[in-house]
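Enquirer: Take a look at this one; I'll ask things after.
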Amino acid sequence: MTATITAFERSPDRGNGLARDMRLRWAFEEVGQPYEVRLLSFEAMKEPAHLALQPFGQIPTYEDGDLSLFESGAIVLHIAERHPGLLPDDANARARAIMWMFAALNTLEPPIFDRSLLTILERDRPWYEERLNALDETIRKRLENLSHHLGEADWLDGAFSAGDLLMVTVLRRLQSSGILNAYSNLAAYIARAEARPAYQRAFEAQRAVFTTAAG
Ligand code: GTB
């Protein structure tokens, strides 16, 4: 059975691949599995039918037979566990790849996501500059450490894994901020990931949703 995911009918990122369905699309492409997409309006995301799948009224979700899941990280892990290509066979290397998935979502994503929300929603608030500076300081510390760990390697721990996939989706949110300019190896890491054919197929698929809707 082909799995179905949900995505924005009209993504606020205008097809830049920043919404979290991109992670799922990319994971499916990396493991060579087809998937279907059900597009949702903001109103439909808050209706009972969707809340039954995603209690917080968000995208993405995943449905395959009698299994339905929410949380993009859990869904990427599920796809990676079901199909070869995103997690190493060696038990220790597999545990480390999963560790990097958590690092992306728990250590890097919170301040980066908060920064995005701040710049979108709170630009005219009195605390904007102070809060932005505080978040940027935290983000720079995280990037400094990540950059040090990556060094000249292509990927975080040996071969490309679901850990890299999630990390890159998180780091991409900083691309318009200029913060990444100070970390040339991280910028190259993102570019390397974006050059992967699976990434490009996923990116084009989500972009097509926006261009078709805008068209
Ligand atoms: N922890 C959950 C997960 O990882 O699945 C978070 C899911 C989530 O934040 N979903 C967002 C959502 O449904 C879309 S991806 N928001 C609507 C709501 O909460 O009502 C987050 C997102 C939104 C927009 C942009 N953008 O415009 O750049 C980027 C990312």
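Values quoted throughout were computed directly from the atomic coordinates according to the rules given, and no laboratory measurement underlies them. In this text the structure is predicted, and so the values were computed from the model without any measurement. All Cβ positions, glycine included, derive from the backbone under ideal geometry; neighbour counts span all protein chains shown.
Enquirer: Return a whole-number percent for the relative contact order of the chain, with Cα pairs under 8 Å and 6 or more residues apart as the contact set. Present the calculation step by step, with values, prior to reporting the outcome.
Expert: Working: 267 pairs, mean separation 60.6, N = 215.
Worked out over the chain, it gives 28 percent.
Enquirer: Next question, about the same structure. How many angstrom lie between the C-alpha centres of segment 184-215 and segment 135-154?
Expert: With segment 184-215 and segment 135-154 each reduced to a Cα centre, they are spaced 22 Å.
Enquirer: So for segment 31-127, averaging the separation of alpha carbon pairs under 8 Å that are six or more residues apart and normalising by length, what relative contact order in percent results?
Expert: On the way: 49 pairs, mean separation 15.2, N = 97.
It rounds to 16 percent for segment 31-127.
Enquirer: Show the residues, 5+ positions off or on another chain, whose built amide H is closer than 5 Å to the amide H of Ala3.
Expert: The answer is Glu36.
Enquirer: Please state the charge dipole magnitude for the chain, taken about the Cα centre, from unit charges on C-beta atoms (+1 on K and R, -1 on D and E), reported in debye and rounded to the nearest 20. Please list the in-between numbers first.
Expert: Working: 23 positive and 30 negative charges, 76 e Å.
That gives a dipole near 360 debye.
Enquirer: Listing Ser147, Ser161, Ser11 from the residue with the fewest other Cβ atoms within 10 Å to the one with the most, what is the order? List each step's numbers first, then the result.
Expert: Values: Ser147 17, Ser161 25, Ser11 21.
Lowest count first: Ser147, Ser11, Ser161.
Enquirer: Rounded to the nearest 0.05, what FRET efficiency do Ala153 and Thr211 give with R0 = 25 Å and r taken as the Cβ-Cβ distance? Could you check?
Expert: On the way: r = 35 Å, r/R0 = 1.42.
Step by step, r from the Cβ atoms, then E = 0.10.
Enquirer: Let me ask something else about it. Apply the a/c threshold of 1.5 to the C-alpha gyration tensor of the chain and tell me whether it is rounded, prolate or oblate.
Expert: Numbers: a/c = 1.67, a/b = 1.09, b/c = 1.53.
Oblate, since a/c reaches 1.5 and b/c is not below a/b.
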